1. Quick one: A:113, B:3, fewest Cβ neighbours within 10 Å first, how do they rank?
2. With springs only between Cα atoms under 10 Å apart, run a GNM on chain B and tell me which of B:188, B:28, B:166 wobbles the most.
3. Please rank B:92, A:126, fewest neighbouring Cβ atoms within 10 Å first, as an exposure proxy.
4. Set the bar at 26 Å for Cα to Cα. Now go through A:20/B:222; B:52/B:202; A:21/A:246; A:20/A:47; B:52/B:75 and name every pair that lies beyond it.
5. Kindly put B:12, A:111 in sequence by how many other C-beta atoms sit within 10 Å of each C-beta, fewest to most.
6. Give the percent of DSSP beta bridges with both residues in chain A that are antiparallel, rounded to the nearest 5.
7. Using a 10 angstrom cutoff on alpha carbons, build the Gaussian network for chain A and name the most mobile of A:219, A:104, A:204.
8. Of the peptides B:54-63, B:148-157, how do they stack up when ordered by the mean number of other Cβ atoms within 10 Å, highest first?
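Bear in mind that the values in this text are calculations on the coordinates, not laboratory data. Treat the numbers as computed from the prediction; the structure is a model and nothing was measured. As a convention, Cβ positions derive from the backbone with ideal geometry for all residues, glycine included, and neighbour counts pool all protein chains shown.
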Amino acid sequence: MNKKSVTEGRRAVITIRGLKKFFGKNHVLNGFDMDLYEGETLVIMGKSGSGKSVMIKCLIGLETHDEGTINIMGRNMENVTEDELNEIRTEVGFLFQGSALYDSMTVRENLEFPLRRHVEKMGHFSDATPLVLEALESVGLAHAIDLMPEELSGGMKRRVALARTLILRPKIILYDEPTTGLDPITSKEIVLLMKSVQQKYKTSSIIITHDVDCARFISDRMILLVDGINYAEGTFAELDASTDPKVQAFFKS
Amino acid sequence: MSFFRTSMQYILKYLEEVGEMSAFAGRFFRELFRRPFESRELLRQCYNMGNKSLLLVGVTGFIIGLVFTLQSRPKMLDLGASAWIPSMVSISIVREIGPIITALICAGRIGSGIGAELGSMRVTEQIDAMEVSGTNPFKYLVVTRILATTLMIPLLVVMSDAIALFGSFLVENTKGDVSFRYFFDEVFLSLDFVDLIPSTLKTFFFGFAIGLVGCYRGYYCKHGTAGVGVAANTAVVETSMLLFVLDFIAVMVTDIFY
Ligand SMILES: Nc1ncnc2c1ncn2[C@@H]1O[C@H](COP(=O)(O)OP(=O)(O)OP(=O)(O)O)[C@@H](O)[C@H]1O
Ligand SMILES: [Mg+2]
């Protein structure tokens, strides 16, 4: 497939080669390769249970992989120290499938939690409120600053989770099914939000999704994860036009 | 043969868990002295734990003092030893009953709470979320809680002892016309450092055990929401067992030195 046209001359910020992950006899990933280039939005699609979440968790070090190499911004994840890993993690934001807000804290405290523990990165600040408000404003939720997570709707939770990620100014954001479980209108809002965040903060992103409309709208490039490998790669138009039945299955319902 | 095999497997699994819990405790001591310190969360935990168990521990202590004195009183009168009631009651409460009962109640009240809270944070990926934002959830969640139980259980025990002795005094006062002054003079005469030091020291270990097991079960909680219940439940059962073992060891050690 014509990969050069979209990626030419760009620097890879994440490189994965030959990633393998087994759970006992269950071979979830079987030699997965991926590059994420600076400033691009990469959409990864795959059936439920194909190992998308596992792949992205290996990437950020929440799961250990069995074989292969992962390189994030020039650093090999196999031999980083704990401090280096934490430093990388401030550069890479992660949005969980279930939002994962700290439910004993208010929205403000949720956002302050990472902020107060990374003062050396964020520079000195005496009052966290302006930074918290700025992050909340970029997701349109400044008015919810003193609510508890249980008082928020599903869509609002995703937004707060995104704000909590943005507050550390990451260079890369990983989204695990950002629109799953939301109604079509809210989904659309979240997709637009991801686009505006990408433009405002100039991040590179990986978005895992089942949502074809979302993929069409937001992707610069796509990877289809089938049978534990990167089965097909290309722009939305290229994959949509493919005649391979396994690729077709994603686009024709 | 298969009986032998299954019991071997059981023992191996048990030893494995003991090893894992020791590693967990080791990590606690390593992270305890590493900056930054989560002192605000530590204070909050101490306050919550005290606040949550104060009434329960107080009421239980009071009733134990009452009942214990009421039940032993007739026998002591028969033996013509009613003057010894204050010292007998104080020694048994301060040495044994106060610490173990308070610790058991706190295992149910605080230990299960820690297990359930950390467990649900684990299964809803909140702990993972802390990790991926480059913060240290072990330090924030585990170190503060274990430290808080280690500090608060001894305080609660001292309070419970005091209330139990007061309960005992009320019985003596109404049934035997013993004055406040006489009762507590007798109590303090019969208690010396041999009673106070070991029995206070062991409550720190009780507190540590409650925090450690609760945090361990919650932090490594598995299998979704059902796992949270299991974590809370296992935490209480294992802590209670561990408390008796620790108590036994404490008595043995005290016996050697005095
Ligand atoms: N901790 C684990 N232990 C054992 N097996 C696991 C574990 N996590 C995931 N798996 C297995 O890995 C496979 C991939 O799971 P994963 O969650 O990555 O799927 P997914 O592609 O994200 O699906 P979905 O779209 O439903 O989120 C599944 O078969 C699952 O059973
Ligand atoms: Mg998933």
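1. The fewest-first ordering by Cβ neighbours comes to B:3, A:113.
2. Among B:188, B:28, B:166, the largest mean-square fluctuation in the Gaussian network model of chain B belongs to B:188.
3. By the 10 Å Cβ count, ascending, the order reads A:126, B:92.
4. Among A:20/B:222; B:52/B:202; A:21/A:246; A:20/A:47; B:52/B:75, the Cα-Cα distance tops 26 Å for B:52/B:75.
5. Details: B:12 10, A:111 26.
The most exposed by this proxy come first: B:12, A:111.
6. Details: 21 of 39 bridges.
DSSP beta bridges in chain A are roughly 55 percent antiparallel.
7. Highest fluctuation of the listed residues: A:104.
8. Top to bottom by mean Cβ count within 10 Å: B:148-157, B:54-63.
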